[in-house]
Amino acid sequence: MKIHFSNQGMLRNFENFLESADLSKPSELHISTNSKWINVHPAILVMTAALARKAGRLNSTIDTPPKSGAYLDRMGLYSYLKTPSPFSITHKDESGRFIPISVISTPQEQSAFISDMIPLLHLPEEKSRVIKYVIGELVRNVIEHSLSSDGAIVAAQYYKKSNRISIGICDSGIGIWKSMQENWHPATDIDAIKLALTPGISGTTRQEGGTDDNAGAGLFFIKSIAKISRSYFLIYSGKGEYKLTKHDRRTKTPRLYADPTRDPHREINTAPDFQGTLVAIDISLDNNEAFDALLEMISLVYDNAIRERKRAKYREPRFI
């Protein structure tokens, strides 16, 4: 496998990262870097760590990066690579600034990650609890349903200048298409991703509205947070990639849709075949009325979507 760390490694340019990636030969991984500057989103970091774990530490190497590559050291990437870090840096307290690459395999590790994430939000408790809940559910879903023996790999970064938090969650499990296949039979990876983004659809059951434990709403919630805060959201699994793009600034109160194809987005089903799932989000933490009303809006759209799907099901003609 080969991947490249460029100087434009944010979510808005994620397709460039995919175009330069070669995920064949999973038994080895090599990372090339821009010679002058690198800029790497936490999502790219956790995906790289997942690939390195699959290839094995002794089979994973990286070129000597520029000075900005010290960020890779501080985020803990070199612990997954055979190549030793060329940097000698003092590790200052990361609280409120970032969460380095971490593996979550147990509820206790999940709780620790959520606790570490709260200071990154720089929000009052009543607002941070919404994001805390959604991220917690998302990580729990990865652990329970990916069937990955490696658990979930997570990382997060707070950017003070733009008042934004970026989060990446990755697993090397069965992927969304396989998790949806038993009950929903999607034709392609991107079809499976769009099903997973639809509230009320869960890979664990054909029941409308999911189950009491999992109503299939975790991804819908996190996508809605990104949309309301006018930020990027991305999910990548198999050959499918769905990326929520930013809505027009003139739209002060964007609508939330149960159907992910109604949102401004980019989708492909020709990405390098990734055996696992990557979820990434940027959240702008600037205060606005829409963000304050987020939880109520999500709950309303979610309940309505489940109600409409049940009505449509009962309206279907039945032949004896």
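Of all residues in the range 240-263, exactly one satisfies the criterion of being of a type in the set (Asp, Glu), more than 17 Å from GLY218 (Cα to Cα) and surrounded by fewer than 17 Cβ atoms within 10 Å (Cβ to Cβ), namely ASP248.
In the range 254-274, the residue that is nearest to ILE235 (Cα to Cα) out of those that are among the hydroxyl-bearing types (Ser, Thr, Tyr) and in a loop (DSSP other than H, G, I, E, B) is THR270.
Within the set LYS36, LYS54, the sole residue that is within 22 Å of ALA152 (Cβ to Cβ) and either of a type in the set (Phe, Trp, Tyr) or outside the structural domain of ASP273 (by TED's automatic domain parsing) (or both) turns out to be LYS54. A count restricted to the range 214-266 and to residues that are under 15 Å from GLU289 (Cα atoms) and among the β-branched types (Val, Ile, Thr) stands at 4.
Using the structure shown, decide if ILE143 is part of a helix (DSSP H, G or I) and within 15 Å of the chain's Cα centre (by Cα). Steps first, please.
Details: part of a helix (DSSP H, G or I): yes; within 15 Å of the chain's Cα centre (by Cα): yes.
Against the criterion (part of a helix (DSSP H, G or I) and within 15 Å of the chain's Cα centre (by Cα)), ILE143 qualifies.
Contact annotation: residue pairs with Cβ atoms under 8 Å, 6 or more positions apart or on different chains, pairing a residue in the range 274-296 that is within 29 Å of PRO26 (Cβ to Cβ) with a partner that is at pLDDT below 85 and not in a loop (DSSP other than H, G, I, E, B), are THR277/VAL142; VAL279/LEU138; VAL279/VAL142. Scanning the range 39-88 for residues that are basic (Lys, Arg), surrounded by 17 or more Cβ atoms within 10 Å (Cβ to Cβ) and free of Cβ contacts under 8 Å to residues at least 60 places away in the same chain gives a single hit, ARG74.
The values are calculated or read from the model by the stated rules, or taken from the named source; none is laboratory data. Small disclaimer: the values here were computed from a predicted structure and weren't measured. No Cβ is skipped: glycine too gets one built from the backbone with ideal geometry, and neighbour counts run over all protein chains shown.
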